[in-house]
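Take a look at the structure below.
The values are calculated or read from the model by the stated rules, or taken from the named source; none is laboratory data. This one's a predicted model, so the numbers in the text were calculated from it and none came from an experiment. Cβ: placed from backbone, ideal geometry, glycine included. Neighbour counts: every protein chain shown.
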Amino acid sequence: MPARLLLVDDHTLFRTGLRLIVEDHPEVAAIAEAGSVADACAQSRADIDLVLLDIQMPGMSGLDGLRLLRQHCPRARIVLVSASVAPDAVHEAWLRGADGFLFKSASGDDILNAITLALAGQPCFPVPLGGAASAGTARPAGTPTLTARQLDVLELLCTGKPNKVIARDLGLSENTVRVHVAAIFAQLGVNSRSAALLTAQRMGLCTPQFHDAT
């Protein structure tokens, strides 16, 4: 289904630039804007699927307003956006229950990929987070946080099978497989299937086996 986004940032210029990037996403149908958490809540958009929320804003910050926004946009995934590149900021966003984190310095491709992951219900943090969530700790840097289904996809990807065959073998749609592959690439920090194979092999996540893909 086409997605509805809400951009929340007090800088009009940044919102305009972000909007130009987001408009290129094939799953985005409509984009609303707000200059503050209060403005966003006043719109009461229950149909919003994804909120890109700036952390540093006058009045209520994005971190403090996250829970409030969830009440006004109950079905939305919320990704925090920040100019800070401090790992502590990413970790704090994760602890507060954000669904993802984007640096304002991220490339257009990184932003679009994060939106794909968020709309698919996947976390989209720039570093692997998770592990002992109840203890409020992050996994060591460099440790991928792949789901069981993503590991299934990765195992078949490592055999050289294309998305169509992976979809058939796992009983998934090709689009779902593409989303999982994008998530795997993001977690492994790669941008190609060959690089994913080499990185996964180095991490001990798969053993390459080359089969006929027909």
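When Ala132 is tested against (1) small (Gly, Ala, Ser); (2) over 23 Å from Arg193 (Cβ atoms); (3) surrounded by fewer than 20 Cβ atoms within 10 Å (Cβ to Cβ); (4) at pLDDT 70 or above, only condition (4) is not met.
With region 1-109 as the region, which helices (runs of 4 or more DSSP H) entirely inside it contain at least 2 residues that are at positive phi and within 16 Å of the chain's Cα centre (by Cα)?
Counting at least 2 such residues, we get no helices (runs of 4 or more DSSP H) at all.
Test of understanding: among Asp54, Asp49, which residue is within 15 Å of Leu5 (Cα to Cα), surrounded by fewer than 23 Cβ atoms within 10 Å (Cβ to Cβ) and in contact with a strand residue (DSSP E or B) (Cβ under 6 Å, 6 or more places away or on another chain)? Answer to the selection: Asp49. Under the condition of being surrounded by 17 or more Cβ atoms within 10 Å (Cβ to Cβ) and not hydroxyl-bearing (Ser, Thr, Tyr), the residues counted in region 156-176 number 9. Number of residues in region 75-111 that are crowded, with 19+ Cβ neighbours inside 10 Å, touching an Asp or Glu at 6+ places or on another chain (Cβ under 7 Å) and closer than 16 Å to Asp49 by Cα: the value is 4. Scanning region 157-214 for residues that are at pLDDT 80 or above, over 17 Å from Gly121 (Cα atoms), over 20 Å from the mean Cα position of the chain (by Cα) and not in a helix (DSSP H, G or I) returns Cys158, Thr159, Gly160, Lys161, Pro162, Gly171.
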